[in-house]
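**Q** Take this structure, written in structure tokens, and hold onto it; I'll ask about it next.
The values are calculated or read from the model by the stated rules, or taken from the named source; none is laboratory data. Quantities reported herein were computed from a predicted structural model and do not represent experimental measurements. Cβ atoms come from the backbone with ideal geometry, glycine included; neighbour counts cover every protein chain shown. Accessible surface areas use protein heavy atoms only, side chains included; no ligands, DNA or RNA. Shrake-Rupley method; radii C 1.70, N 1.55, O 1.52, S 1.80 Å.
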Amino acid sequence: MDDIEIRDQSIRLGQFLKLANLIESGADAKAVIADEMVSVNDEVETRRGRQLHDGDVVELGGVSVRVAAR
């Protein structure tokens, strides 16, 4: 599992998916989240604006990445 470093203490899920290169655009984020393809800490997440914090694990399509705050 890769750690993806963020600049602040939190980041929105849609932004994080793009930062982690799991999707290519905000429109892609909206689609995969609406289709319940994204999980945060092993729970399906349907809110694109969900705030993620250090240690949260995001999974999409069998790829898991962890939020790492500076």
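**Q** Take the residues of segment 1-25 that are open to solvent by less than 40 Å² (accessible area, probe 1.4 Å) and assigned to a helix (DSSP H, G or I): which is nearest to residue 68 (Cα to Cα)?
**A** Across segment 1-25, the extreme among qualifying residues is 16.
**Q** Pick from 42, 56, 8, 35: which is in contact (Cβ under 8 Å) with a residue 60 or more places away in the chain and either on the phi > 0 side of the Ramachandran plot or among the charged types (D, E, K, R) (or both)?
**A** Details: 42 fails: in contact (Cβ under 8 Å) with a residue 60 or more places away in the chain; 56 fails: in contact (Cβ under 8 Å) with a residue 60 or more places away in the chain; 35 fails: in contact (Cβ under 8 Å) with a residue 60 or more places away in the chain.
Of the residues listed, the single one that is in contact (Cβ under 8 Å) with a residue 60 or more places away in the chain and either on the phi > 0 side of the Ramachandran plot or among the charged types (D, E, K, R) (or both) is 8.
**Q** Now, a different point. Checking residue 49 against (1) open to solvent by 50 Å² or more (accessible area, probe 1.4 Å); (2) modelled with pLDDT under 95; (3) touching a strand residue (DSSP E or B) at 6+ places or on another chain (Cβ under 8 Å): exactly one of these is not met. Which one?
**A** For residue 49, the exception is condition (1).
**Q** Within segment 26-46, how many residues are open to solvent by less than 60 Å² (accessible area, probe 1.4 Å) and either among the acidic types (Asp, Glu) or assigned to a helix (DSSP H, G or I) (or both)?
**A** 6
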